[in-house]
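The values are calculated or read from the model by the stated rules, or taken from the named source; none is laboratory data. Treat the numbers as computed from the prediction; the structure is a model and nothing was measured. Positions of Cβ are backbone-derived with ideal geometry, glycine not excepted, and every protein chain shown enters the neighbour counts.
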Amino acid sequence: MSFRIDRQTLDELNLLGKFRHGSVYHLFNQVKTRGGEQLLDSMFRDPLTNEVSINTRSSIFRYFQEQRLDFTLDVQQVTLMREYLDTGATGSAPMVMAGMMVKKILASLTRDERYKKNIQGLQATIVTLKKTSGIVAILQGNSPFASRVSSIRKILDTPNVARLTELDIYQDLPVRTLAFYEHLLKSRLSAEMEEVLQFIYELDVYISVAAVAARKGFSYATALPPAKNLLSVKELKHPCIDNAVGNDLLMQENSNVIFLTGANMAGKSTLMKSIGIGMYLAHMGFPVAAKSMEFSVRQGLYSSINVADNIGLGYSHFYAEVVRVKQAADAAASGQRLLLMFDELFKGTNVKDAYDGTLAVTEAFAEYQDCLFIVSTHIIEVGEDLKASNIQFRFLPTIMEGSHPRYTYRLQEGITEDRQGMMIIRNEGILEMMNS
């Protein structure tokens with residue numbers, strides 16, 4: 001079963017985007033090879049939904065972080081090996097030999113580059129296999145990556161491959177040798193060579209992501225079975241914000257709803273994004289911006305943080321919010337175990353309707369105790385009327401220093417009483433500008 005997330009949530013949490021500065025993908029995209037980047041893309045687009053698989057992957061990342069390895073393979077040589085193997089040899093060994101002879105003759109008579117590229121491709125393959133063998137030797141031993149290393153070791157120890165890596169690439173290689181290895185690598189051992197390349201791409205991802213974790217001080221979450229319905233995290237931060245403030249959270253079966261209040265700019269939206277990003281990365285088995293984290297596996301993640309109107313469909317801002325809540329309600333009612341987050345419910349309508357809607361929706365969602373919900377609002381009066389026993393009340397405080405607010409970004413228990421909207425308007429001198 002795949003992890004359920006939609007485009008709106010991906011965009012609101014800024015998870016993807018190779019060239020989008022500030023995206024979570026951009027933070028981790030330190031890979032060096034094209035194949036590594038493709039593997040990273042795949043991991044980002046397909047989070048895991050099994051606690052064993054998640055914990056296995058995170059243990060591999062942790063292992064590489066502890067090893068402090070560098071990616072020592074030459075990227076250009078890896079690329080040449082990839083191109084060499086992609087131009088597959090056709091036909092039997094005699095046909096490959098004949099074709100190689102033709103390429104050599106054409107190279108001497110014309111400017112045909114195919115023979116030269118064959119030599120360069122084989123040389124790059126030899127260099128890459130040698131360096132891979134050296135890395136495998138370092139990684140041998142008891143580790144969560146041991147079975148993968150062992151499978152590659154068997155390929156590299158194959159007699160023909162071992163002999164290949166002993167060739168001197170600085171000497172002229174006979175046509176017979178070029179033809180033999182072209183047929184061997186591209187036909188008989190094509191699957192094995194592909195596995196070696198995939199191993200190299202895995203090394204690229206594991207080493208680069210582990211390096212990000214070490215540099216940023218991230219940790220690795222522990223995945224638990226879905227039925228526990230637990231999210232426990234210490235010092236959770238937004239991974240893309242330098243010097244971010246961390247917060248502790250504990251959500252479980254009898255307290256699976258957080259009702260979050262706080263003034264404008266107190267950090268509610270950022271906190272919700274931090275939670276969503278942390279949960280998504282944890283399902284990928286990636287390092288998370290937290291001191292520690294335990295979580296029950298979810299089947300999906302929905303957010304409603306920056307809902308916009310839809311001119312094409314004729315949706316007002318309020319109606320777009322209603323549609324979004326309906327989508328989330330359908331998902332929760334289907335019995336899936338989800339994390340759902342709603343920032344400032346129904347801010348596109350009047351205060352009375354927003355109050356009634358926020359109260360009704362929060363109480364309705366609280367009945368789905370297999371899910372985790374976070375609801376934020378400016379309408380603090382809603383909190384006073386919420387009756388469900390599984391709702392936690394948390395707020396982000398504002399400290400007034402004279403007429404200027406200061407935000408701690410530290411969660412506290414209870415419902416805020418902060419109302420600094422008019423003070424901020426006055427501090428900006430808007431009224432004076434309009435009356436001048």
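Here are some notes:
- Qualifying residues in region 168-216 (those that are among the aromatic types (Phe, Trp, Tyr) and assigned to a helix (DSSP H, G or I)) - the one nearest to TYR84 (Cα to Cα): TYR181
- Residue check, GLU401 in contact (Cβ under 8 Å) with a residue 24 or more places away in the chain, surrounded by fewer than 16 Cβ atoms within 10 Å (Cβ to Cβ) and of a type in the set (Asp, Glu): no
- When region 226-270 is filtered for residues that are among the hydrophobic types (A, V, I, L, M, F, W, C), more than 26 Å from SER23 (Cα to Cα) and surrounded by fewer than 19 Cβ atoms within 10 Å (Cβ to Cβ), the ones remaining, listed by number, are ALA227, LEU230, LEU250.
- Qualifying positions in region 404-436 - under 15 Å from MET265 (Cβ atoms), at pLDDT below 80 and in a loop (DSSP other than H, G, I, E, B): ASP418, ARG419, GLN420, GLU428
- Filtered residues of region 218-248 (kept if assigned to a loop (DSSP other than H, G, I, E, B), touching a strand residue (DSSP E or B) at 6+ places or on another chain (Cβ under 6 Å) and of a type in the set (A, V, I, L, M, F, W, C)): PHE218, ALA221, LEU230
- Cross-chain or 6+ apart pairs with Cβ under 7 Å, region 208-224 first and closer than 19 Å to ARG34 by Cα, then of a type in the set (Val, Ile, Thr) and not in a helix (DSSP H, G or I): SER208/VAL31
- Evaluation of SER150 against (1) hydroxyl-bearing (Ser, Thr, Tyr); (2) more than 15 Å from MET81 (Cα to Cα); (3) touching an Asp or Glu at 6+ places or on another chain (Cβ under 8 Å) (one fails), failing number: (3)
Here's the yes/no breakdown for (1) under 30 Å from ALA282 (Cα atoms); (2) buried (at least 21 other Cβ atoms within 10 Å of the Cβ); (3) at pLDDT below 90:
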{"residue": "THR49", "(1), (2), (3)": "yes, no, no"}
{"residue": "ILE54", "(1), (2), (3)": "yes, yes, no"}
{"residue": "GLU66", "(1), (2), (3)": "yes, no, no"}
{"residue": "THR72", "(1), (2), (3)": "yes, no, no"}
{"residue": "MET81", "(1), (2), (3)": "no, yes, no"}
{"residue": "ALA89", "(1), (2), (3)": "no, yes, yes"}
{"residue": "ALA93", "(1), (2), (3)": "no, no, yes"}
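- Helices (runs of 4 or more DSSP H) contained entirely in region 5-67, each with at least 1 residues that are closer than 21 Å to SER292 by Cβ: 24-28, 51-67
- Any hit, region 271-287, residues being in a loop (DSSP other than H, G, I, E, B) and either at pLDDT 90 or above or buried (at least 23 other Cβ atoms within 10 Å of the Cβ) (or both): yes
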